[in-house]
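The values are calculated or read from the model by the stated rules, or taken from the named source; none is laboratory data. Being a predicted model, the structure only gives us computed values, none of them experimental. Positions of Cβ are backbone-derived with ideal geometry, glycine not excepted, and every protein chain shown enters the neighbour counts. Ligands, DNA and RNA are stripped out before the accessible areas are found, and what is left, the full protein with its side chains, is counted by its heavy atoms. Shrake-Rupley method; radii C 1.70, N 1.55, O 1.52, S 1.80 Å.
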Amino acid sequence: ILKTLTTVSETIDVGNGTKGFLLRPDPTTRGTPVKTFKLAVGPLHLDLELDVTTLPVTFDVLFSVPFDGPVTLGSVVGDVRTGVSVNVGYPSLIGGTTGVKIVGSTVTVHWEFDYLGTHYKGEKGVVDV
C-alpha cells in the first residue's frame, strides 16, 4: 500500500498508437536518492532502479508470456552515463532490444522490438539529473 501512495502513474505512448504506463516516484516525497521506475511497454515490464546522485542503474526486463505469466528476459547493472541495454528474445514471440541512457540531462528508457508481428519503437524520459 505504501508503494501505491508514493508513486505517480502516467499513461505513455509506446509506439504505433499503443498506450503503456509509467510508475514514477512522487516528486514531493523525500528520502533516499535511489528511485524506482516501472514501465509497461506492450508485453514488456521494464523495472529501473536508479541512484539519482551517482547514477548507477539496475535494469530488469520481464516479458508477459501469453497464458503463462512473467518471464525475466534480462537484467543488467551499469552506469546510465555510458548506457545499458538488454537484448530481448523469446522464441517465436518477441525479439529486439531495450535499455537506459542519458539524453541531454534526462535519464531515458528506450525500446525497439517486435512482438507477434507488431513493431514497438520509442523512448521515455523518466527523470532529470
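For LYS38, give me every one of the aspartates and glutamates with a C-alpha distance below 19 angstrom, ignoring sequence neighbours fewer than eight places off in its own chain.
GLU10, ASP13, ASP26, ASP47, GLU49, ASP51, ASP60, ASP79, GLU112, GLU123, ASP128
If you take all C-alpha pairs in the chain, what percent of them are over 18 Å apart?
More than 18 Å apart: 52 percent of the Cα pairs in the chain.
Extension gain THR32-THR82, at 0.36 nm per residue separation less the Cα-Cα distance, in nm?
My answer for the length gained is 15.7 nm.
Just need the relative contact order of the chain here, percent rounded to a whole number, with Cα pairs under 8 Å and 6+ apart.
15
Take the chain, connect every pair of alpha-carbon atoms lying under 10 Å apart with a spring to form a Gaussian network, then pick out the residue of LYS38, LYS19, LYS101 with the largest mean-square fluctuation.
Sorting by GNM fluctuation, first place goes to LYS19.
Tell me what the chain gives for mean residue ellipticity at 222 nm when only DSSP H runs of n ≥ 4 count, each as -39,500 (n - 2.57), the sum divided by the residue total, rounded to 500 deg cm²/dmol.
For the chain, the value works out to -500 deg cm²/dmol.
At a 10 angstrom cut-off on C-beta neighbours, averaged per residue, how do the peptides 62-72, 80-90 rank from highest to lowest?
80-90, 62-72
Can you tell me the dipole magnitude for the chain around its Cα centre, using point charges on the Cβ only (Lys, Arg +1; Asp, Glu -1), in Debye to the nearest 20?
Dipole about the Cα centre, nearest 20: 200 debye.
Of the accessible area of the chain, with the probe set at 1.4 angstrom, what percent is carbon plus sulfur?
That share works out to 56 percent.
Could you compute the net charge surrounding GLY122? Neighbours are other residues with a C-beta less than 9 Å from the C-beta of GLY122; K and R count +1, D and E count -1.
-1
Need one number: nm distance between label points at TYR90 and LEU55, each 7 Å from Cα along Cα→Cβ, rounded to one decimal.
Using points 7 Å along Cα→Cβ, the separation is 3.3 nm.
Rolling a 1.4 angstrom probe over the protein heavy atoms, how many square angstrom per residue are accessible across the chain?
That works out to 54 Å² for each residue.
Quick one: length gained pulling HIS119 to ASP13 fully straight, 0.36 nm per residue minus the C-alpha distance?
The span from HIS119 to ASP13 would gain 36.8 nm if fully extended.
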